[in-house]
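The values are calculated or read from the model by the stated rules, or taken from the named source; none is laboratory data. Just so we're clear, the structure is a prediction, and the values are computed from it rather than from any experiment. Because the Cβ atoms are built from the backbone with ideal geometry, glycine has one as well, and the counts that use them run over all protein chains shown.
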């Protein structure tokens, strides 16, 4: 986790540098950065509180004496995760300043084409008509936040195999940096819920009506959606309030968690699949994402996981990796 922390520091410096090139770095941005760091720290603490019982059980199984040497790794994971989210927020909020939103027409048309002429959000609302879908919103917000911000900490506390720990740390970083930054820039887009506000017209007018009647608009999701668009429209680009549709980091994180659960125990395969399915469904139902956003993220994360399973990370001869792998046994493949 020390190597992970160092990488995140470099990522943060890069994010600040990019931000400085496209907008002035002043006292207001410093205040925003401090506020974002505090907010993400609170999110991490909240997520960790939800998994404390499971971590205590893991420590009981592993043994306190065996777990104590990993205390340093846990601290690196905690601070690394906080700073990663701050750096990611810097870059995400800057996406439309670097590459103005342009890909929504292409994504919406392709989404409708591959679903037989129907917009996926329409199918999602039709299939669940009369069901209290708004009650599932906590899955999309609070349950998802656990692997999103606390995954490295969970790995640092519970993992006993260096190979698996390294593989999933790489996957975690790729989810945020490749999906959330690089590919989000390449296909800069806002998603169905903001389509009409960006482009004009009423192509997704019925989506707004459906979100209102289903109770989503009056939920926390609806309030966040309003705040995101207000921030973009006012060009204040506050940290933590960036908009980006393709690809879906939400679905990417859920896929990461499901793959990790499947590797740890076959009993966790089904819960992991349910988690991915619910996250994907809610991403479409709420209008945050086109279905293709989620499809791509699932394929990307699975493909990268499949490739890393066939690479012996322990054969890499980087100094940081040599030090890290000497402290943890290699997983059986």
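Within region 70-80, identify whether any single residue is assigned to a loop (DSSP other than H, G, I, E, B), crowded, with 19+ Cβ neighbours inside 10 Å, modelled with pLDDT of 85 or more and in contact with a helix residue (DSSP H, G or I) (Cβ under 6 Å, 6 or more places away or on another chain), and answer yes or no. So far as region 70-80 goes, no, none of its residues is assigned to a loop (DSSP other than H, G, I, E, B), crowded, with 19+ Cβ neighbours inside 10 Å, modelled with pLDDT of 85 or more and in contact with a helix residue (DSSP H, G or I) (Cβ under 6 Å, 6 or more places away or on another chain). Tell me, yes or no, whether region 134-143 has at least one residue that is at pLDDT 90 or above and closer than 17 Å to residue 280 by Cα. Scanning region 134-143, I find no residue that is at pLDDT 90 or above and closer than 17 Å to residue 280 by Cα, so the answer is no.
Results for (1) assigned to a helix (DSSP H, G or I); (2) without any contact (Cβ under 8 Å) to a residue 12 or more places away in the chain, shown as yes or no for each residue.
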position	(1), (2)
270	yes, yes
279	yes, no
284	yes, no
288	no, no
296	yes, no
299	yes, yes
303	yes, yes
308	yes, no
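Condition check ((1) modelled with pLDDT under 90; (2) loosely packed, with under 13 Cβ neighbours inside 10 Å; (3) in contact with a helix residue (DSSP H, G or I) (Cβ under 7 Å, 6 or more places away or on another chain)) across all residues:
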| residue | (1), (2), (3) |
| --- | --- |
| 216 | yes, no, yes |
| 223 | yes, yes, no |
| 243 | yes, no, yes |
| 247 | no, no, yes |
| 258 | no, no, yes |
| 263 | no, no, yes |
| 268 | no, no, yes |
| 275 | no, no, yes |
| 280 | no, no, yes |
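Do we find a residue being farther than 23 Å from residue 271 by Cα, free of Cβ contacts under 8 Å to residues at least 24 places away in the same chain and surrounded by fewer than 22 Cβ atoms within 10 Å (Cβ to Cβ) anywhere in region 137-152? No, every residue in region 137-152 fails to be farther than 23 Å from residue 271 by Cα, free of Cβ contacts under 8 Å to residues at least 24 places away in the same chain and surrounded by fewer than 22 Cβ atoms within 10 Å (Cβ to Cβ).
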